[in-house]
Amino acid sequence: MAREMRAIFYRKKKGKHMIYTLEDFIREYRKIKEMGWIRTHRAGLTGVGKTLEDLLGIEENNHDAPDFGEYELKSCRVNSQSMLTMFTKTPQPPKANTYLRLKYGYSSSAYDNEEKVLHSTLTAAHFVPIADTGHQLKIVCDAQRISIASELGTENVYWEREKLRKAFEKKYKNKFVYAKAQSRGTGADEEFYFEEAYEVSGFDYDAMIELLEQGRIYIDLRIGQYANGKTHDHGTGFRIREIDQPKLFKVNRKVV
């Protein structure tokens, strides 16, 4: 019977935008919670979000527009250590990535020539070894900039704090609803139990900087090269564990 109820519920939602307000979300999310364990609609990291969107009748999209009403919907597994990319932003000054690649990069079997690549996830908490180069890099923060430093000292490679503020505020301009789910199983057999949801709003830049200084926001260097040897910026990503993302906001109110 439970399986039949779930099938009817999903058929009712599929392809239809069923929620428009926070009250609509709360009502429908409580129904989903009562369904108990639900098999994922997609294997992998994005399965939890895809499953909830399907059940709520929200069409998948990659735009910055709200998912319903004035809210953007986010989902995460409880106690997940998975990482989310908040946004990408190339460091300054011009050609900073080329400088980093040539000074700290390493040869890669993916290329036929002697050019270098630099792929590493940096944190302010400690130095990170760069392959077998003997070099180490980390993030350092001062009053004006977020910079990259090595064992040799702070490099002239940085992000200005004010520009970071604008980038974050643009990304997090909407209100959000965060749904939290227990999970069990793996891959296509993973199941979710959607148990809580929170309304979050008011991006807190100071909290973001604090998380960065604590080493809880990471910066992914993804610097490669084209066939002609020129630097290929795959997008320098600012990343956070999905369970920590609500800490970027001033308002964090449980609604379910």
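The values are calculated or read from the model by the stated rules, or taken from the named source; none is laboratory data. On a predicted model such as this, the values are computed, not experimentally measured, just so you know. Positions of Cβ are backbone-derived with ideal geometry, glycine not excepted, and every protein chain shown enters the neighbour counts. Accessible surface areas use protein heavy atoms only, side chains included; no ligands, DNA or RNA. Shrake-Rupley method; radii C 1.70, N 1.55, O 1.52, S 1.80 Å.
Treating r as the C-beta distance of Lys254 and Lys166 and R0 as 22 Å, the FRET efficiency rounds to 0.15.
Taken along its principal axes, the alpha carbon cloud of region 140-202 reaches lengths of 47, 31, 16 Å, longest axis first. Hey, what does the equivalent ellipsoid look like for the chain, semi-axes from the Cα gyration tensor as sqrt of 5 times each eigenvalue, largest first, whole Å? Over the Cα atoms of the chain, the ellipsoid semi-axes are 39, 21, 16 Å. Ligands, DNA and RNA excluded, the heavy atoms of His135 present near 50 Å² of accessible surface to a 1.4 Å solvent probe. Panel note: the C-alpha atoms of region 175-219, placed on their principal axes, show extents of 39, 24, 12 Å (largest first).
Rounded, prolate or oblate: which fits region 198-256, taking a ≥ b ≥ c as square roots of the Cα gyration tensor eigenvalues, rounded meaning a/c under 1.5, else prolate when a/b beats b/c?
On the way: a/c = 3.78, a/b = 2.73, b/c = 1.38.
Prolate, since a/c reaches 1.5 and a/b exceeds b/c.
Summary value for the chain: 24 percent relative contact order, contacts being C-alpha pairs under 8 angstrom separated by 6+ residues.
Just the number, please: carbon plus sulfur as a percent of the accessible area of the chain, 1.4 Å probe, no ligands or DNA/RNA counted.
Values: 6270 of 13260 Å².
C and S fraction of accessible area: 47 percent.
Relative contact order for region 98-234: what percent, with Cα pairs under 8 Å and sequence separation of 6 or more?
25 percent
Database remark: amide H of Glu72 closer than 5 angstrom to the amide H of Asp67, Lys175, Phe176, Val177 (H placed geometrically; neighbours at sequence offset of 5 or more, or on other chains; Pro and chain starts carry no H).
Over region 148-256, the fraction of Cα-Cα pairs per 5 Å bin, rounded to whole percents and listed from the shortest bin up, is 2, 9, 14, 18, 15, 14, 12, 8, 6, 2, 0. Computed from phi, the 3J(HN,Hα) profile of region 67-72 under the Karplus parametrisation 6.51, -1.76, 1.60 (θ = phi - 60°) reads 7, 7, x, 9, 10, 9 Hz, with x in place of Gly and Pro. Using a probe of 1.4 Å, the accessible surface attributed to Phe127 totals some 80 Å² when neighbouring protein chains are kept in position.
Given the pairs Lys31/Lys180; Lys31/Lys175; Lys31/Lys171; Lys31/Lys247, which are separated by over 21 angstrom at their Cα positions? Write down the numbers at each step before the final one.
Details: Lys31/Lys180 15 Å; Lys31/Lys175 23 Å; Lys31/Lys171 30 Å; Lys31/Lys247 27 Å.
In this structure, Lys31/Lys175; Lys31/Lys171; Lys31/Lys247 lie more than 21 Å apart at Cα.
With a Förster radius of 25 Å applied to the C-beta separation of Val128 and His234, the computed FRET efficiency comes to 0.90. Shown in residue order for region 139-146 are the 3J(HN,Hα) couplings computed by the Karplus curve 6.51 cos²θ - 1.76 cosθ + 1.60 at θ = phi - 60°: 9, 10, 10, 10, 5, 10, 9, 10 Hz (x for Gly and Pro). Kindly list the residues of region 224-255 that lie in the label zone of Ile26, defined by a backbone N under 11 Å from the point 7 Å along the Cα-to-C-beta vector. Answer for this model: 254-255.
The three principal axes of the C-alpha atoms in region 35-103 carry coordinate ranges of 55, 27, 19 Å, sorted with the longest axis first.
Ordering Val48, Val140 from largest to smallest accessible area (1.4 angstrom probe), what's the sequence?
Val140, Val48
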